[in-house]
1. Those residues that are crowded, with 23+ Cβ neighbours inside 10 Å and closer than 24 Å to B:Gly510 by Cα, I need them from the stretch B:241-275; list them, please.
2. Just one of (1) under 28 Å from B:Met628 (Cβ atoms); (2) assigned to a loop (DSSP other than H, G, I, E, B) trips up B:Arg265, so point out which.
3. Within the bounds of the stretch A:292-313, is there any residue that is facing chain B (nearest Cβ under 10 Å), part of a helix (DSSP H, G or I) and surrounded by 24 or more Cβ atoms within 10 Å (Cβ to Cβ)?
4. Quick one: B:Ala366 ticks every box in (1) outside the structural domain of B:Leu381 (by TED's automatic domain parsing); (2) touching a Leu at 6+ places or on another chain (Cβ under 9 Å); (3) small (Gly, Ala, Ser); (4) in contact (Cβ under 8 Å) with a residue 60 or more places away in the chain except a single one, so which number is it?
5. Cβ-Cβ distance below 6 Å, separation of 6 or more or different chains: which pairs start in the stretch A:226-239 with a residue that is more than 8 Å from chain B (Cβ to nearest Cβ) and farther than 16 Å from A:Ser161 by Cβ and end on one that is basic (Lys, Arg) and surrounded by fewer than 23 Cβ atoms within 10 Å (Cβ to Cβ)?
6. Please verify whether the stretch B:615-633 includes one or more residues that are in a strand (DSSP E or B) and either away from chain A (no Cβ under 14 Å) or at pLDDT below 95 (or both).
7. Go through the stretch B:235-288 and report how many residues are of a type in the set (Val, Ile, Thr) and within 30 Å of B:Pro30 (Cα to Cα).
Amino acid sequence: MRPFDYLRANALDDAASKAGDGAQFIAGGTNLLDLMKLQVMTPETVIDINNIDGLDKIEPHEGGLKIGALVRNADLAADPQVRRAYPVLSRALLAGASGQIRNKATTGGNLLQRTRCPYFYDPAMACNKRDPGAGCAAKGGVSRMLAILGTSAACSAAHPSDMAVAMRALDAQVEIRGTDGATRTVAMDELYQLPGETPEIETSLKPGEIITAVILPAPQPNATQSYRKIRDRASYAFALVSVAAVVEMEGETIKQASLAFGGIGPRPWADAQVNAMLEGETPSEELFGKAADTLLAEAVTDEGNDFKREMTRRALVAVMREATGMAPASTGTDKVEALA
Amino acid sequence: MSDTFTMDEAQPRLLDETKQGLVGAPLDRPEGKLKVTGTATYAAEFKPEGMVHGVMLRATITRGKVTGFDETEAKKLPGYLGLFHGPEFVRNPAQGMAGAAPVQPGDRVDYHGQPIGLVVAESFETARDAAARIKTSYEQNPGAPVDPAGVELELNEKRESIQGDLDAAMEKAAQSVDLEYTTAGHVAAAMEPHAGIAEWKDGRLVLHGSLQMVRFNKEELADAVGIESDKVHILAPYVGGGFGSKLGISSEHVAAALAARELDRPVRIVLSRQTVFDAVLRRTETWQRLRLSADASGKLTGIGHEDRVSNLEEEAFSEPVNAASRFMYGAPNRVMRQHISRNHRTPTGSVRAPGEAVGTFALETAMDELAEKLGLCPVELRLRNIPEKHPDTGQAYSARALEDSLREGAKRFGWDQRPETGTRREGEWLIGMGVAAAGRANFLVPSAARVTLSADGALVETDMTDIGTGSYAILGQIAGEMLGLPIDKVSVHLADSDLPGASGSGGSFGASSSGSSVFLAARKIREQLADKLGCKFEELSLGNGEVSGGGKTAKLVDLLSDPISAEGKIEGGKTAKSHFSAGFGAHFAEVAVNEVSGEVRVRRMLGVLGIGRVLNEKTARSQAVGGMVWGVGSALHEELGHDPRTGHIVTRDLANYHVPSHADIPREMEVVFLPERDDEANPIQSKGVGELGISGAGAAVINAIHNATGVRLRHYPATPDKVLEGFANGR
């Protein structure tokens, strides 16, 4: 580990003014510390933002909820307002990491966690994300956990978060405090940048900017919410594929559908076209199959992760069957208490 | 002073006559409190004066030569003490019981991840940073095959055994199966990473090491460093898991010793988790072909088990994949054959139950397939094929619980409730049950211990290790039982290489081998007590500090004017030739398979095992359950991912290498030990348990998946994608 300066910020202004080149904010530290030990990340300064007041609250906001950036994952999952109105978020959180990590990890940190691509984690391997222009050893390597949508020649890394997938399905907005002190909000697809030729740039955050909150819009009272995660073991494994769904029925037709996917994209993956083709339609296996075709039309896979096509299709169909009432609800929908 | 006892004939069951009631009792580990309170001192938890820290430097090419190191950037760091490398450095850990240094390759690189140097600094953080800053230059050898199937294979005659004509038997069979299997590579992933602190004191090399076999390890380290073995003093009082990965000395022990000599300061090395994956011996991946032929009555006429395993050149070890296939079932026509692929993946060695852990996947799932073809219950097929004599050697079997464990297990598990294949459903979960037999050869390895009885109690001393298995508990129990002392009057001192040399922990032989030596030492003390009291040995009775026999009674303290000390030493003898001793058992599993996702959840498991005399019911159970968890892991989760170009392990941490999580293991994880005494095994009639638990456990899970879904899975681990592929290929 490289030596670094540790600074503690007591207010947002303070944090912004301390942030300079080579500085990194730290909250829960569950990802950053691992990366620093491996020297994948080598910040010269670490600015601890845990002491900043007011960022650890979950408050009503314009009919929805405003979740402070320092709210711990465990607290967010257990919050009664979240469990009642946004069960998909609670389920997604509980499907991620372990109890110990959820106690420590924060909302803002979860959004900004780095990919778990094993080639990114190993400094002996070429990685464009870690070392721009170095190449990508993951191409042609062990690809099981890599993304299949939104990738580029330079990078196939997947975003590992469960929480962010649920937030994406809920159309959450991310509140960012700029270095000038002004606050702006962006949609999640604006926060996350696709890798293209610059996989080292993962978000639209500028140096010194801080995520201060995530804003959930008012809940749709008649919608069914569901989170389904398929993984290699029952707990403490990243998603091979996950699906978050918020679906509202009107009689026999789908009034509104918002799907987001984990494990397959460089960001929590949503496809407006997929949602649109479901809306106004009568639920059927055929319809869901077509939605999966559309979702996966641009997928790029290799031998090691080609299974994600079929797995994604199955997850999408199963979630939609349950959310539309075609099949009885199972564990993971808000009609059945989660066991996790 | 001490003669070696040779196990030439069955011994009286003295432990059934003694009255203290310790042997077999589910006593707590005496060191348990130290461990759970963090006060047990593991290898890296000593702080000798002036200690410095080392980090291993790894090769980042697959094959070639190191041509130089550029330390410029490292030297800028305050506290940097240097880079150490040289002809004594070892390529990989010593194989189990080698007793000599492993390959010392000089500047040659044979695999990606090979330790090629040691970086030492005043602090661990500086050493790690310095290691990252050192630039190594190489001359690469372009011929570095890493695909096990991509090289010419070497026939391993040691594992070959052919009888009759299997091809003809297959031809004539009423039913037969001819199946291909693959299993993934595994790592032991012990909780305590590999570690050591070396220092030179009074002309001796003192090593606090995380090691399983101190008697062999001192020879290995001495040989590697180039000194006499009596100049090596190894201490390994607590070891946080081994599973075979700490059988031999490892690169960090040699490196620490050399750097400590040069710096004249103690050097501490704790391998990072990633380095454990890179540089510790793994279990090979396997390819296996399993053939079975049977007549219409379900009697096997042929068994063929062929396999391919990997290892580096110059490594004597090869996973004995067909081990269990050689003794589980009988058939007149047999082919057992192994080929070794010499490639440049990370080298392989012993990982818990080498052979049985992966070989039983093929044997025991093939038996399930054959049973289906024959229209026979899988339990019944096994019962019909229990051989009278060892099919290879013609030896008689010693105590063998195969039949009883299958019958008892079927009854306890509710096997008669097993659904027709693919018929039981709970929502989108398909439910099924599976069975597999378990077998693991039992060994007696030379072992010595000293027991001293004084007015204060008894002291057991041996270099035997306790790697979390319960050696402290059982050795104390045996001594207390034999000497009629309550357990709190017995202390046990282990894992100091200056003490009498034991078998060490490995191959499930540690408890019985070292336990026998303690038994023999205590038996000698009993002989002396009988003399002192003036009764015959057979009449002697000891209990709670009293000695009686031949109508006389005395207080133990009154007979002991001076402490009595005796050394017990055992080695295998004629019974090992006349009889084949093995643990046997049966595993039963119930699983749920998700029809949508292909995910598998084990809902309950039962292992019924015959392990001879149970020495401590609690620690034995923990061993068995641990083995069964490994079975679940190798069936469903554990997989080393090798880069197809470099061969190195890509899944080199516990986030990417999946061992079962708690949520993967059912609450109902039952173990039943059948009452058994193995008279031919050793004088305490016990057998190994740690590896029997894993043998067949994974196959029971896989067979249950078939019962649930109708899908046959032959490539492990059976991750969700493979289950879905099975669905796609038709049930």
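The values are calculated or read from the model by the stated rules, or taken from the named source; none is laboratory data. Only a predicted model underlies this, so the values are computations on that prediction, with no experimental measurement involved. When we count neighbours, we look across all protein chains shown, and the Cβ atoms used for this are built from the backbone with ideal geometry, even at glycine.
1. B:Gly242, B:Phe243, B:Gly244, B:Ser245, B:Lys246, B:Leu247, B:Gly248, B:Ile249, B:Ser250, B:His253
2. Here B:Arg265 meets the rest and fails (1).
3. yes
4. (1)
5. Listed by first residue and then by second, the contacts come to nothing, as the list is empty.
6. yes
7. Residues meeting the conditions: 5.
For every residue, the table says whether it meets (1) of a type outside the set (Val, Ile, Thr); (2) closer than 30 Å to B:Glu125 by Cα; (3) at pLDDT 95 or above; (4) assigned to a loop (DSSP other than H, G, I, E, B).
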| residue | (1), (2), (3), (4) |
| --- | --- |
| A:Ala16 | yes, yes, no, no |
| A:Leu35 | yes, yes, yes, no |
| A:Thr42 | no, yes, yes, yes |
| A:Asn50 | yes, yes, yes, yes |
| A:Leu65 | yes, no, yes, no |
| A:Leu70 | yes, yes, yes, yes |
| A:Leu76 | yes, no, yes, no |
| A:Val82 | no, no, yes, no |
